[in-house]
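Just below is one structure, and these are the notes that go with it.
Just so you know, all these numbers are worked out from the coordinates, no wet-lab data involved. The structure displayed is predicted, hence computed values, not measured ones. Positions of Cβ are backbone-derived with ideal geometry, glycine not excepted, and every protein chain shown enters the neighbour counts.
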Amino acid sequence: MVVDGKQVLNFCTNNYLGLANDPRLKAAAQMAVEDWGVGPAAVRSIAAHWNCTAGSSQRMAAFKGVEDALYVQSGLCANQAAIRPWWARKT
């Protein structure tokens, strides 16, 4: 984005990589809507599993070269899964 005439990165939106207007992603999104519809507009844990997402964890794990991958619905959930709360830590 441009602020005061300077090109800057915007890390306070869901588009901080600037991909929302990428023509390839827009075309892929349009194709997905045609194929799958718009969905229930909810996260996977609420809306359940769609065939178009089947195997995505395994593909991500293979891409990263790890045994398995886990998708969570938000950054908060990721932090809750990865960071032990202070009250659960041994002193």
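Quick one: plug the Kirkwood hydrodynamic radius of the chain (C-alpha pairs) into Stokes-Einstein at 20 °C, 1.002 mPa s, and report D in µm²/s.
Translational diffusion coefficient: 127 µm²/s.
What lysines does residue 64 reach when the alpha-carbon gap must be under 28 Å and sequence neighbours fewer than 8 apart in one chain are set aside?
26
Taking the Cα of residue 35, stepping 7 Å toward and past its beta carbon, and measuring to each backbone N in the range 49-88: which are under 20 Å?
What the label zone holds, given the 20 Å backbone N cut-off, is 49-63.
Between exposed trypsin sites (Lys or Arg not before Pro) in the chain, where DSSP calls loop and at most 15 other Cβ atoms lie within 10 Å, what's the longest gap?
Counting only loop sites that pass the neighbour cut-off, the longest clear stretch is 1-88.
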